[in-house]
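Below: the structure, in structure tokens.
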Amino acid sequence: MSERRHKGYLIAAVVWLVLIGLLAVAYRLLVHPHVVDRLEKATSGTSQYRDEIVLALDSFSGYCLLRSEALREDLKQQQIRLTLQDDQADYVARLRSLKDGKSQLAAFTIDSLITSGAKAGDFPASIVLVLDETVGGDAIVAYQGGVKSLQDLGHPSARIVLTPNSPSEFLARVVLAHFNLPGLPDNWLVPAKDAADVLSQFRSASPSDRKAFVLWQPFVSRALQQKDAHVLLDSSRLRGYIVDVLVAQRQFLHDRPDLVRSFLEAYARTAYRYSQQTNDLVQLVKADARQTGAETLDDSQAASIVNGIRWKNILENYAHFRLTGTTDPDDVASLEDMIANITEVLVKTKALSEDPLSGRHNTLYYDRPLGEMRAAQFHPAKGLNLVSGLGPDPALEPVRRDQAPTTLSPQQWQTLRPVGELRTQPILFRRGLAEVSLDSERDLQELARRLQAFPRFYVRVIGHARAEGDPEANRALAQARAEAAVRQLVRQGLSPQRVRAETALPAAGGAEAQAVSFVVGQLPY
């Protein structure tokens, strides 16, 4: 009996110990934090911040406005703390941070947003602003002895050295999507660690190597200091491809549209301030490079970066989002079209197996915040007390347009610097006639659309004459077919100053499969 009683006492003691332990754990997890929190609040000051926004980005110089003290101070005046999260250009991690709610805003290039979303199988964020577009900041360079034009890359020995998962890779993919390079091998990409590594490989390469190198500023300028180095193509020749955007997490966008709009307005005011003083922007780029630890820049190098980036103003954003009614300029691409064109390049070059948006490209952006700003006649100069209303005065902050193409003389047409032959479907004509087939009319319509993204290129439409038969009749038919293709391109909106019909020397065989070809040339850089 005594032994059973002792066992009962032991069990009771164990039960009490377990209960006491559970109570202690519960106190520590459930009660103690509230006590500490209450005590902390009772003995703390009042925060000057009402809200916090976490912004994910990397050290790209185009994001210097996002890192600027001016933006931080503007938000601070609205009791919003801005916290920056640098992920070293890990776009997948950036998207995951948004999905998990660890960040609310992030900066992406459009192509990196699409590819990282495709990998994740989800797009947890929506574009709310176009930040900038590179207009010369990225370039493909080579030695003239090895690669005189892009066409020389259509060879089994050709290679392109670049930094993977960067705008450099996408610039190379734009070339592969639009130019006819049938001999370029599948293993064309030579990866490099960064732009400094690309530059090192460029300097050590043989001038006769059939290699191209993709860099960004200031490394482009440094590469061009090498003897016989030249630019094959840079982003100043493109429109709507290498574009940076600001995205907002969708739940945050739904729950706190007021914070999103506050950020957009503060950023617009910051961008406007710096747009008025180029030297201030140069100095900001220099300071930003030191802050991010990227590298030390002198004034000339910082200026080359500034000249290679077009930061988008608020009126240009209204135009990109198609918020200005019937006055949207034709030469300012809509955001929806930019997303579609970029996706097309990624699919054509097999970076993606298919369009992850299934053609619903409007689902990747949200225009309500900017639409509300437009309806309220928001202009950053108003916030700075510089103007009293949003009038049509272009001196305030104009929508910048490309210069109209120069009308070339016949001699200038012959001396254009060659770029390459455009990649197109064979243009077919009715047998023995200069009448474009219905299918080829659609192909020419598509070609005219693509050429809108290359506003500084000139196109030679070359009719190919057969060697067999009457030489003069063949030449006349080839010229007539080239002229018919030119008319179709102009009818589809291509400027007549940019296109010219020519006839190639007669060639034996094969001309029927491609009655005309399209060769791009450019004025010297």
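Return yes when ALA507 is at pLDDT below 90 and touching a Lys or Arg at 6+ places or on another chain (Cβ under 6 Å) and no when it is not. For ALA507, the condition - at pLDDT below 90 and touching a Lys or Arg at 6+ places or on another chain (Cβ under 6 Å) - is not met. The criterion of at least 1 residues that are at pLDDT below 95 is met, among helices (runs of 4 or more DSSP H) falling completely within segment 246-319, by 257-275, 278-292, 299-307.
Among the residues making up segment 357-408, a single one is at pLDDT below 80, in contact with a Ser or Thr (Cβ under 9 Å, 6 or more places away or on another chain) and among the hydrophobic types (A, V, I, L, M, F, W, C): ALA404. Candidates are the residues of segment 202-216 that are in a loop (DSSP other than H, G, I, E, B) and touching an Asp or Glu at 6+ places or on another chain (Cβ under 8 Å); the one that is nearest to GLN151 (Cα to Cα) is ARG210.
Looking at SER103, SER157, SER166, SER149, just one residue is farther than 30 Å from ASP402 by Cα, open to solvent by 10 Å² or more (accessible area, probe 1.4 Å) and small (Gly, Ala, Ser), and that residue is SER157. Exactly one condition in (1) assigned to a helix (DSSP H, G or I); (2) open to solvent by 10 Å² or more (accessible area, probe 1.4 Å); (3) modelled with pLDDT of 95 or more is not met by HIS230; state its number. Failed condition: (1).
Screening ASN362 on (1) polar (S, T, N, Q); (2) more than 17 Å from the chain's Cα centre (by Cα); (3) surrounded by fewer than 17 Cβ atoms within 10 Å (Cβ to Cβ) shows it passes everything except condition (2).
Residue-level check: of (1) under 24 Å from LYS102 (Cα atoms); (2) at pLDDT below 80, ALA26 misses just (1). Kindly evaluate GLU468 against the criterion of being within 21 Å of GLN425 (Cβ to Cβ) and of a type outside the set (A, V, I, L, M, F, W, C). Spelling it out, it is not the case that GLU468 is within 21 Å of GLN425 (Cβ to Cβ) and of a type outside the set (A, V, I, L, M, F, W, C).
The values are calculated or read from the model by the stated rules, or taken from the named source; none is laboratory data. Fair warning: this is a prediction, and the values are worked out from it, not measured in the lab. Every residue, glycine as well, gets a Cβ built from its backbone with ideal geometry; the counts of neighbours run over all protein chains shown. These accessible areas exclude ligands, DNA and RNA; they are computed on the full protein's heavy atoms, side chains included. Shrake-Rupley method; radii C 1.70, N 1.55, O 1.52, S 1.80 Å.
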